[in-house]
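To start, the structure itself, in structure tokens.
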Amino acid sequence: MESVVFIFSLIDCCALIFLAVYFIITLSDLECDYINARSCCSKLNKWVVPELVGHAIVTVLMLISLHWFIFLLNLPVATWNIYRFIMVPSGNMGVFDPTEIHNRGQLKSHMKEAMIKLGFHLLCFFMYLYRLVSQSAAR
């Protein structure tokens, strides 16, 4: 059963890594003026909810399977994703808003957040892989 938990977590983590890379590439395209703010925000906002759901599923899965350390490691990032989604001001297009993305350094903060998430998901990937291998070796 634990092998299934970590295999699912690895697959989900791979998807979240690809999503973080997609966010970084799209935000850097906006920074270099290869795309306009509206299309960039439209592309990114479409992936905010799947990212939130994917991370929340792994967090709840670790809680249910009683992997406390991994659960506590994932909890702040999952909480931040939910908070960011809930606190979108009314009238904005979503978490990424084309009218505000160039104001107050939001582009830089979004880029920094995507880089931090990429690093976090890479750390989690290797942690899940280690746990999967150690579970298989113990049998």
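The values are calculated or read from the model by the stated rules, or taken from the named source; none is laboratory data. Quick caveat: nothing in here was measured; it's all calculated off a predicted structure. Here the Cβ positions follow ideal geometry from the backbone for every residue, glycine too, while neighbour counts run over all protein chains shown. The protein model used for the area step is the full one, side chains on, heavy atoms only, and it has no ligands, DNA or RNA in it. Shrake-Rupley method; radii C 1.70, N 1.55, O 1.52, S 1.80 Å.
For the stretch 54-83, a tally of residues being free of Cβ contacts under 8 Å to residues at least 12 places away in the same chain and either touching a helix residue (DSSP H, G or I) at 6+ places or on another chain (Cβ under 6 Å) or assigned to a helix (DSSP H, G or I) (or both) returns 10. Of all residues in the stretch 88-107, those that are farther than 11 Å from Asn45 by Cα have Cβ atoms under 7 Å from Cβ atoms of residues that are part of a loop (DSSP other than H, G, I, E, B) and of a type in the set (Asp, Glu), 6 or more apart or on another chain, in Gln106/Glu100. Of the residues Phe69, Phe126, the single one that is more than 17 Å from the chain's Cα centre (by Cα) and closer than 25 Å to Phe6 by Cβ is Phe69. Filter the stretch 18-41 down to the residues that are in contact with a His (Cβ under 8 Å, 6 or more places away or on another chain) and among the small types (Gly, Ala, Ser) and list them by number. Ala20, Ala37 - these are the residues of the stretch 18-41 that are in contact with a His (Cβ under 8 Å, 6 or more places away or on another chain) and among the small types (Gly, Ala, Ser).
Within the stretch 28-72, the residues that satisfy the criterion of being of a type in the set (A, V, I, L, M, F, W, C), open to solvent by less than 50 Å² (accessible area, probe 1.4 Å) and more than 17 Å from Lys108 (Cα to Cα) are Val48, Leu52, Ala56, Val58, Leu61, Met62, Ile70, Phe71.
Of note, Leu16 satisfies the criterion of being modelled with pLDDT of 95 or more, open to solvent by less than 30 Å² (accessible area, probe 1.4 Å) and within 13 Å of the chain's Cα centre (by Cα).
The residue of the stretch 19-37 that is farthest from the chain's Cα centre (by Cα), among those that are of a type in the set (Asp, Glu) and more than 22 Å from Pro50 (Cβ to Cβ), is Asp33.
When the stretch 89-138 is examined, which residues are found to be open to solvent by 90 Å² or more (accessible area, probe 1.4 Å), over 17 Å from Ile25 (Cα atoms), part of a loop (DSSP other than H, G, I, E, B) and touching a helix residue (DSSP H, G or I) at 6+ places or on another chain (Cβ under 9 Å)? Correct list: Thr99 only.
On inspection, Ile101 fails the criterion of being modelled with pLDDT of 95 or more, out of contact with any strand residue (DSSP E or B) (no Cβ under 6 Å at 6 or more places or on another chain) and among the hydrophobic types (A, V, I, L, M, F, W, C).
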